[in-house]
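Have a look at the structure below, then the notes.
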2 protein chains.
Amino acid sequence: MNLLLLQPNEVGADGVAVLAGRRLEHAREVLRVQHGETLKVGVKGAQVGTATVLEGPAETLRLRVMLDAPPPPRAGISLVLAIPRPKALKRVLPAVASLGVDRVVLVNAAKVEKSYFDSKVLAPEFIEGLLELGLEQARDTVPPRVEVRERFRPFVEDELGAWAGPGRRLVPHPTAESGVPRVPAKEPLVVAIGPDGGWTDFEVELLAKQGFTPISLGPRILRVEVAVPAIIGALRFP
Amino acid sequence: MNLLLLQPNEVGADGVAVLAGRRLEHAREVLRVQHGETLKVGVKGAQVGTATVLEGPAETLRLRVMLDAPPPPRAGISLVLAIPRPKALKRVLPAVASLGVDRVVLVNAAKVEKSYFDSKVLAPEFIEGLLELGLEQARDTVPPRVEVRERFRPFVEDELGAWAGPGRRLVPHPTAESGVPRVPAKEPLVVAIGPDGGWTDFEVELLAKQGFTPISLGPRILRVEVAVPAIIGALRFP
């Protein structure tokens with residue numbers, strides 16, 4: 001945790017925040033904060049800054065909060081992500097939040113196992129917790145908006161065009177002829193990343209009809225938790 | 001597992017391999033292979049090809065192996081990697097094997113916890129097992145060579161120059177002025193990736209004296225298991 005993330009309602013009109021629970025424990029056990037010390041903080045959806053420890057950490061932690069800087073710039077990337085196995089999703093969601101992804105739609109696909117939909121990882125409050133871990137890591141305050149769609153084809157045919165908006169649309173697929181394109185830093189991107197077994201050719205055709213260009217990342221088959229940062233790194237660094 | 005990885009001594013002069021243990025179980029329980037079916041296989045350090053199931057899977061699995069293609073091309077990247085926490089190392093080693101990294105030297109650093117050196121993850125046979133997972137994922141047969149160095153400064157001052165060889169040397173560091181450079185696809189690269197808390201300025205200076213150019217990945221602080229694929233993606237895709 002490189003930033004203590006506060007909820008907007010936790011900071012009073014006097015600039016004082018009082019914490020308990022997971023963040024109090026983390027502040028005490030891992031950060032070992034002391035009275036008078038200054039921490040990096042951010043308010044969810046708002047600015048970042050510093051907080052001085054007024055009291056504690058004991059049963060609570062009282063902080064004086066000074067917000068004075070914007071969160072880091074966005075990556076300008078939206079992801080259509082075939083639902084990964086729950087264990088992978090628990091790593092991918094913090095990763096995409098830390099990378100500054102704007103939006104994620106988690107979709108079904110032919111090679112997504114039905115049982116994944118029953119996973120507690122897809123519960124909105126669980127997703128929010130995973131995204132907050134990524135924000136705390138990257139010193140960001142703005143989480144990606146995450147949605148879930150249980151049916152691939154209706155989503156792609158009826159919703160995806162409007163959802164994707166003006167961004168350039170790319171779908172990594174091993175048989176694609178072109179590689180990763182050079183994309184101007186400011187151009188918004190929408191990338192459709194398949195499940196561990198890949199998109200089917202039919203799924204790629206449906207995406208292509210919505211303007212998604214197939215691109216190849218080379219012959220190596222990567223796990224989704226490796227592919228996602230690799231693709232974002234290739235498209236958006238520095 | 002997208003490729004069944006065989007050890008060189010497992011394939012007889014008659015082209016027949018007999019498997020037991022983890023790979024037999026995986027073939028039976030996950031791949032659900034049937035008599036007569038054809039699987040993708042590779043021999044460690046050698047070619048890839050296919051294998052036909054002659055017998056089993058029962059107590060063993062008998063395969064007729066036909067090797068006919070080279071493994072995928074290398075990424076041409078060597079990593080100097082500050083030893084991550086054991087849980088992260090268990091993810092990073094399969095990831096770097098799947099990405100085709102050539103060599104990894106796991107080094108101590110100021111922000112590496114001493115206890116990490118006692119982790120079973122650093123045992124050579126454990127490392128080898130993690131690398132094999134990555135090879136099976138990416139359908140590769142050639143693992144990165146992994147070494148461990150317990151002292152940072154003597155390694156950097158006395159060994160690193162020769163170890164790095166002719167490759168371009170880069171060290172990601174948040175205060176660097178230049179971003180990720182465009183590097184010709186064939187140029188070998190040596191990248192020094194710090195621990196979760198980053199390299200210290202002193203460590204970056206020691207690396208700079210060995211020809212490592214500091215580069216910035218932007219203001220976001222990434223976990224090592226996210227940073228490694230993102231940096232490799234940025235430098236080597238497509």
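The values are calculated or read from the model by the stated rules, or taken from the named source; none is laboratory data. Quick caveat: nothing in here was measured; it's all calculated off a predicted structure. With ideal geometry, Cβ positions are generated from the backbone for all residues, glycine too; neighbour counts draw on all protein chains shown. Calculation scope for accessible area: heavy atoms of the full protein, side chains included, ligands and nucleic acids excluded. Shrake-Rupley method; radii C 1.70, N 1.55, O 1.52, S 1.80 Å.
Out of all DSSP beta bridges with both ends in chain B, state the antiparallel percent to the nearest 5.
Numbers: 17 of 41 bridges.
Bridges in chain B that DSSP calls antiparallel: roughly 40 percent.
Cross-link partners among aspartates and glutamates for B:Lys40, C-alpha distance below 18 Å, same-chain residues fewer than 8 apart left out?
A:Asp196, B:Glu10, B:Glu25, B:Glu29, B:Glu55, B:Asp68, B:Glu132, B:Glu136, B:Asp140
Quick one: with label points 7 Å out along Cα→Cβ, list the inter-copy distances for B:Glu55 in nm, shortest first?
7.8
Inter-copy label distances at B:Ser119, 7 Å along the Cα→beta-carbon direction, one decimal in nm, shortest first?
From this label point to the equivalent ones elsewhere in the assembly: 2.3 nm.
Report the residue, chosen from A:Asp196, A:Asp158, A:Asp140, that carries the largest GNM mean-square fluctuation when chain A is represented by alpha-carbon nodes joined by springs under 10 Å.
The residue that fluctuates most here is A:Asp158.
Can you pull the semi-axes for the protein assembly as shown, root of five times each eigenvalue of the Cα gyration tensor, sorted largest first, whole Å? Intermediate results must be reported in sequence, preceding the final value.
Working: eigenvalues 292, 166, 99 Å².
In descending order the semi-axes read 38, 29, 22 Å.
Using a 10 Å cut-off on Cβ to Cβ distances, tally the other chain neighbours for every residue of A:65-78 and report the average as a whole number.
1
Compare each residue of the range B:90-113 in its chain alone against the assembly with all protein chains, and report those whose accessible area goes down by 10 Å² or more; 1.4 Å probe, heavy atoms.
Those residues are B:Arg91, B:Ala95, B:Ser98, B:Leu99.
Once you treat every alpha carbon in chain A as an equal point and sum by Debye, what is log10 I(q)/I(0) at q = 0.11, 0.13 Å⁻¹?
The computed values of log10 I(q)/I(0) come out as -0.62, -0.81.
With the radius of gyration and the Kirkwood radius both derived from the Cα set of the range A:5-107, what is their ratio Rg to Rh? Don't jump to the answer; show the numbers that get you there.
Details: Rg = 16.4 Å, Rh = 15.5 Å.
Result for the range A:5-107 is an Rg/Rh of 1.06.
Where in the range B:1-67 are there GluC sites (Glu not before Pro) that are in a DSSP coil and have at most 16 other Cβ atoms within 10 angstrom of their Cβ? Write out the running numbers ahead of the final one.
On the way: sites: B:Glu10, B:Glu25, B:Glu29, B:Glu37, B:Glu55, B:Glu59; in loops: B:Glu37, B:Glu59.
Hits after loop and neighbour filter: B:Glu37, B:Glu59.
Keeping all protein chains in place, calculate the accessible area per residue for chain A (probe 1.4 angstrom), answer in Å².
45 Å²
May I ask what percent, to the nearest 5, of DSSP beta bridges between residues of the protein assembly as shown are antiparallel? Could the numbers behind the result be given before it?
Values: 34 of 82 bridges.
In the protein assembly as shown, DSSP labels about 40 percent of beta bridges as antiparallel.
Distances from A:Pro184 to the same residue in each other copy, label points 7 Å out along Cα→Cβ, in nm, shortest first?
When each copy's label point is compared with this one, the spacings are 3.0 nm.
Given a 1.4 Å probe and every protein chain left where it sits, what share in percent of the accessible area of the protein assembly as shown is carbon and sulfur? Before the final figure, lay out the partial values.
Details: 11260 of 21470 Å².
Answer for the protein assembly as shown is 52 percent, counting heavy atoms of protein chains only.
With a 1.4 Å probe, what is the total accessible area buried between chains A and B, in Å² rounded to the nearest 100?
On the way: alone 12060 and 12060 Å², together 21470 Å².
By this definition, chains A and B bury close to 2700 Å².
Of A:Lys186/A:Lys209; A:Lys90/A:Lys186; B:Lys114/B:Lys209; B:Lys87/B:Lys120; A:Lys90/B:Lys90, which sit over 18 Å apart, Cα to Cα?
Working: A:Lys186/A:Lys209 25 Å; A:Lys90/A:Lys186 29 Å; B:Lys114/B:Lys209 26 Å; B:Lys87/B:Lys120 11 Å; A:Lys90/B:Lys90 16 Å.
The answer is A:Lys186/A:Lys209; A:Lys90/A:Lys186; B:Lys114/B:Lys209.
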